[in-house]
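Chemist: Below you'll find the structure I mean.
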Amino acid sequence: MNSIQSLTRKGATCSDLLSCLYNLKPTDMAVFLEVAKNENATLTQIAEVVHRDRSSTHRCLAKLVSTGLVYKQSKTLESGGYYHIYSMAEPTKIKEYARQKVQEITDSLEGLIENFESDLKKHLEQN
């Protein structure tokens, strides 16, 4: 996960938030922003704009789909076969997911703080 400090600095952006919460790399963010700009874009279209090969772009898209930030829809070709188009999740949904993720992180950090002394003692005894 990117540093939480990046979120607390002045001028933090939604890109900083998403990068931190979902461990998105710069290429992932570039792909996400391209999908946000061009709803129903194909893999090939996205790859061309972000200047990455199709396999790298596909990995980014798979990551974004798994986080719920992007949706993938299959389209059938008249000649047979299919292709996928990608769309950004609704901003209100992304905001809801972010709130849930922040709560998970907060709960985890609270647990770490609560158990700090006993965890420290265990580490000191092991070394």
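The values are calculated or read from the model by the stated rules, or taken from the named source; none is laboratory data. Every value quoted in this text rests on a predicted model; they were computed, and no experiment measured them. FYI the Cβ positions are ideal-geometry reconstructions off the backbone, even for glycines, and counts take in every protein chain you see.
Chemist: Would you point out which residue out of His123, His84 is touching a helix residue (DSSP H, G or I) at 6+ places or on another chain (Cβ under 8 Å) and more than 21 Å from Ser15 (Cβ to Cβ)?
Modeler: His84
Chemist: Select, from Ile85, Ile105, the only residue that is assigned to a strand (DSSP E or B), within 30 Å of Phe32 (Cα to Cα) and of a type outside the set (Lys, Arg).
Modeler: Only one candidate passes the filter, namely Ile85.
Chemist: Could you tell me which residue of the range 65-74 is nearest to the chain's Cα centre (by Cα), considering only residues that are assigned to a helix (DSSP H, G or I) and hydroxyl-bearing (Ser, Thr, Tyr)?
Modeler: Among residues in the range 65-74 that are assigned to a helix (DSSP H, G or I) and hydroxyl-bearing (Ser, Thr, Tyr), the one nearest to the chain's Cα centre (by Cα) is Thr67.
Chemist: Scan the range 55-75 and tell me whether some residue there is out of contact with any strand residue (DSSP E or B) (no Cβ under 6 Å at 6 or more places or on another chain), under 20 Å from Lys101 (Cα atoms) and of a type in the set (Lys, Arg).
Modeler: Yes; the residues of the range 55-75 include at least one that is out of contact with any strand residue (DSSP E or B) (no Cβ under 6 Å at 6 or more places or on another chain), under 20 Å from Lys101 (Cα atoms) and of a type in the set (Lys, Arg).
Chemist: Follow-up. Restrict the check to the range 89-96 and report whether at least one residue is surrounded by 14 or more Cβ atoms within 10 Å (Cβ to Cβ) and of a type in the set (Gly, Ala, Ser).
Modeler: Taking every residue of the range 89-96 in turn, at least one turns out to be surrounded by 14 or more Cβ atoms within 10 Å (Cβ to Cβ) and of a type in the set (Gly, Ala, Ser).
Chemist: Which of the following residues is touching a Ser or Thr at 6+ places or on another chain (Cβ under 9 Å), at negative phi and not basic (Lys, Arg): Ala98, Ala30, Ala62, Ala41?
Modeler: Ala41
Chemist: Out of everything in the range 72-83 that is modelled with pLDDT under 95 and surrounded by 11 or more Cβ atoms within 10 Å (Cβ to Cβ), what residue ends up being nearest to Thr42 (Cα to Cα)?
Modeler: Tyr83
Chemist: Residues that are buried (at least 18 other Cβ atoms within 10 Å of the Cβ) and at pLDDT below 95, at least 3 per element: which helices (runs of 4 or more DSSP H) completely within the range 1-64 meet that?
Modeler: Answer list for the range 1-64: 14-22.
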